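For reference, the structure discussed in these notes is given below.
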């Protein structure tokens, strides 16, 4: 399993994903779940994946193949799509197609499922953030719900509900997603390090910050311990 979270804020977009793939208690591997596509200054697209690795890897591979196709047009290539809505539509259609193909091959089994978060901005357009369902349909982040999650999301949702607003700064947003991930790491062994963190500032149309957080990272460990102390202190001060 995995956990990915995306925030759509007034100042920009913040994305975080883990890298663990769990195919059993004795078969744990690390695979990147965040994929970035850029034409700096013109367009930036980020895709995060959760679910069946065969579905997500095939989907991303076909999206890359479509980008490199010399006959690609705005209906097939996410880098030529005129809007982020069209990007989400292309990704959704590809995900649904791949899932259906793999489901057919695995018809004797339970089937394969996957979901994705797509985020980005094109020059002159608005920043947008979408959650793509396995069937290919999608929903979009709004001012009322400025964050989207896929994978093991339940453990990291409470802090996002309390902290994240459209006006949240990018610095505070990074803390929020990292603490959301920290809560998930503590509660679910199917989510694990290293982590991929990405920031896309409004109107930059490029990735403005990218960071790989390895197991044992001192800054992440210090933040986790400080959050634990703050929770314990807050709990002890509450009177019934």
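The values are calculated or read from the model by the stated rules, or taken from the named source; none is laboratory data. Nothing here was measured: the structure is a model prediction, and the numbers come from that model. Cβ: placed from backbone, ideal geometry, glycine included. Neighbour counts: every protein chain shown.
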If we scan the stretch 226-237, do we find a residue that is farther than 29 Å from residue 144 by Cβ, without any contact (Cβ under 8 Å) to a residue 12 or more places away in the chain and part of a loop (DSSP other than H, G, I, E, B)? yes
Regarding residue 173, is this residue at pLDDT 95 or above and surrounded by 20 or more Cβ atoms within 10 Å (Cβ to Cβ)? yes
Somewhere in the stretch 202-214, is a residue touching a residue at least 24 places away in the same chain (Cβ under 8 Å), closer than 14 Å to residue 8 by Cα and surrounded by fewer than 21 Cβ atoms within 10 Å (Cβ to Cβ)? yes
From the option list 223, 181, single residue qualifying as surrounded by 12 or more Cβ atoms within 10 Å (Cβ to Cβ), more than 16 Å from the chain's Cα centre (by Cα), modelled with pLDDT of 95 or more and not in a loop (DSSP other than H, G, I, E, B) is 223
Considering only the stretch 187-200, I want to know if a residue exists there that is part of a helix (DSSP H, G or I), on the phi < 0 side of the Ramachandran plot and in contact (Cβ under 8 Å) with a residue 12 or more places away in the chain. yes
Going by the structure shown, is residue 15 under 15 Å from the mean Cα position of the chain (by Cα), closer than 22 Å to residue 61 by Cα and at pLDDT 95 or above? yes
Options 9, 95; residue that is within 24 Å of residue 201 (Cα to Cα), more than 14 Å from the chain's Cα centre (by Cα) and crowded, with 20+ Cβ neighbours inside 10 Å: 9
State all residues of the stretch 134-155 that are more than 13 Å from the chain's Cα centre (by Cα) and outside any strand (DSSP E or B); if no residue qualifies, say none. 134, 135, 136, 137, 142, 143, 144, 145, 146, 154, 155
Cβ-Cβ under 6 Å, sequence separation 6+ or interchain: first residue in the stretch 143-168 and on the phi < 0 side of the Ramachandran plot and surrounded by fewer than 14 Cβ atoms within 10 Å (Cβ to Cβ), partner at pLDDT 95 or above and not in a helix (DSSP H, G or I). Which pairs? 143/166; 167/10
Please state which one of 166, 158 is closer than 27 Å to residue 41 by Cα and more than 14 Å from the chain's Cα centre (by Cα). 166
